[in-house]
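Chemist: Mind looking over this structure? Questions follow.
The values are calculated or read from the model by the stated rules, or taken from the named source; none is laboratory data. Computed from a predicted structure; not experimentally measured. Cβ placement follows ideal geometry from the backbone for every residue including glycine, while neighbour counts extend to all protein chains displayed. Just the protein is used for accessible areas: all its heavy atoms, side chains included, with ligands, DNA and RNA removed. Shrake-Rupley method; radii C 1.70, N 1.55, O 1.52, S 1.80 Å.
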Amino acid sequence: CSGLVLSRRPALVLCHAAVFAPFLRAGPAAWARTAALPPAALRPCTRLRVVLGSEPGGLRELDARLLALVPCAAFRRALERGFGRAERWRFGAEKEAGTDPRALPWFAWLRVPGLDALEGGWTARASAGCLRKGQVLLACGSPFGDLCPELFLNTLSRGVVSNLAGEENALVLTDARCLPGTEGGAAFVPSPDGPRVVAVIAASFCWKGAEWVGLTLLCSLAAILRSSAGVLGESGIVVPPVPAWVAAVPASSGQDPLGWTALVECGATWGSGVLLAPRMLLTCRHVVEARAPLHVTPAAGLGQDAAVLRGRVVFATEESSPFDVAVVELEESVPGFVPPCLADTFFPGKQWGDTGCCGRGCVIPLHPPPASPIPGEEVSVVGFGALGQACGPSVTAGVLSAVVAVAGRPVMLQTTCAVHGGSSGGPLVSSRSGCLMGIVASNTRDTGVGATYPHLNFCIPITILQPFVARYRRTGDSGAFAGLNRVGEGVRATWQLQQWPGPPSKL
């Protein structure tokens, strides 16, 4: 596994405890304990060593001694709340047994005398309590363990904070892409005076049922240190407090995609939706197909309780339509709702319009209007996939892979954001301007091998929907959306992921 050098005086390395599972005298049952495990709880291993990089580009190995295995209580509670057994969560590589979920909250402290430095101190740290969804994170670990450390030692991956749970954000989900072997590695937040460690990688792969959700599970470093204070104190080690630090908030356009996003529940089915007006929401047809009461829960702000509103479907595309869209009217208005800015072109070099949304009372001037998005531009998806029902919407980041046009008209957007079950109907947002570009329709599944690809997904451009929405807001007639059912064969073939004319696609 990977590890993190937290102190040089005395030299301490923190890693994930699952690597010690084969040596537990009590077997896997030991993970159910609530107290730390001393070295005597493990069978002797031949040698415990730490591998580090050295100058110039070489490696050095140092002997280490186990101080204790420590469970993080706050992380364990957040896991139990967010990762329900009914949803069949598992962790690890697809064809392996994976990490025992009971081991996820456990971490190991190692003493490495060969790293002691007289002038050494503790690594710069930050509290996960300061994190916000969508904030940039850097993950550092060594994929594949000791398979080839010359190549993989301290590999970096960039992502964003996708979701947060537990006391002071003890549990963090990120879309930074990590591989097996990075468990025990560190997640950093950038700061003006250099990166600060904020969390430790607990699981590189997260599976919900048979679906890989494309997210990495992190445990707050501050939470681990709080749980470890007693054990370290017995060894004469005093942990200095995590410095008070608040992440710098970058300048933005004033648009808040979390404020447009809502959880949509229809019977046993749930997904996401985008609010376009205080009482109007767009989602996907397959989210509201069940003939059951419809409930919409807008994302709550910090310190606020989420309000559940009743809604009714005023329009849903026919099953034969390639555009998987439904329009929902709410019985009550969402208080304090600020509507999104809507993109109005996807042609390179053109400018988006000066007004940002449709309907009366929803005009937001843009000065100057942003240029149209182009492939390679950074985008984000917000939706109630993964932990959404328990912890609010998740945020994943990526790039706009392609704008697919038929007869010169954009009909599909492709992105690399991690999209998973529950994200359908959520907003696709330009990271540069904050404007709404489309709604998520699906990720990709290869029916030939049964694999799901969360980082190849498809969105309906808002430019397809905007004229119909404007007509409906003007007339109140749901027949304004009927044009979504009348599309050409070229558009149908595009959304069936096949050549036209041609054989059926396996995707």
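Chemist: Restricting segment 389-417 to residues that are of a type in the set (Gly, Ala, Ser) and out of contact with any Asp or Glu (no Cβ under 9 Å at 6 or more places or on another chain), which is modelled with the lowest pLDDT?
Modeler: Selected residue: Ala390.
Chemist: Test Val264 against the criterion of being open to solvent by less than 50 Å² (accessible area, probe 1.4 Å) and in contact (Cβ under 8 Å) with a residue 40 or more places away in the chain, and give yes or no.
Modeler: Here the answer is yes, as Val264 does meet what is asked.
Chemist: Considering each of Ser127, Ser162, Ser157 in turn, give the residue that is assigned by the TED database to the domain that holds Val200 and either of a type in the set (Val, Ile, Thr) or closer than 20 Å to Leu52 by Cα (or both).
Modeler: So the residue among Ser127, Ser162, Ser157 that is assigned by the TED database to the domain that holds Val200 and either of a type in the set (Val, Ile, Thr) or closer than 20 Å to Leu52 by Cα (or both) is Ser157.
Chemist: Then there's this: Filter segment 136-150 down to the residues that are surrounded by fewer than 20 Cβ atoms within 10 Å (Cβ to Cβ) and modelled with pLDDT of 90 or more and list them by number.
Modeler: Val136, Leu138
Chemist: Further question: Can you spot a residue in segment 304-320 that is out of contact with any Cys (no Cβ under 8 Å at 6 or more places or on another chain), among the small types (Gly, Ala, Ser), assigned to a strand (DSSP E or B) and not assigned by the TED database to the domain that holds Lys133?
Modeler: Yes, that holds for at least one residue.
Chemist: Something else: Could you list, in sequence order, all residues of segment 151-170 that are open to solvent by less than 90 Å² (accessible area, probe 1.4 Å) and not in a loop (DSSP other than H, G, I, E, B)?
Modeler: Phe152, Thr155, Ser157, Gly159, Val160, Val161, Ser162, Asn163, Leu164, Ala165
Chemist: For segment 81-106, name all the residues that are at pLDDT below 90, of a type outside the set (Lys, Arg), within 20 Å of Glu183 (Cβ to Cβ) and not in a loop (DSSP other than H, G, I, E, B).
Modeler: Gly82, Trp89, Phe91, Pro101
Chemist: Does any residue of segment 142-155 turn out to be acidic (Asp, Glu) and under 22 Å from His420 (Cα atoms)?
Modeler: The answer is no, given that none of the residues of segment 142-155 is acidic (Asp, Glu) and under 22 Å from His420 (Cα atoms).
Chemist: Sticking with this one: Within the group Thr444, Thr475, Thr452, Thr396, which residue is assigned by the TED database to the domain that holds Ser321 and over 23 Å from the mean Cα position of the chain (by Cα)?
Modeler: Being assigned by the TED database to the domain that holds Ser321 and over 23 Å from the mean Cα position of the chain (by Cα) holds for just one of Thr444, Thr475, Thr452, Thr396, which is Thr475.
Chemist: Name the single residue that is nearest to the chain's Cα centre (by Cα) among those in segment 62-76 being open to solvent by 20 Å² or more (accessible area, probe 1.4 Å) and over 10 Å from Leu48 (Cα atoms).
Modeler: Arg76
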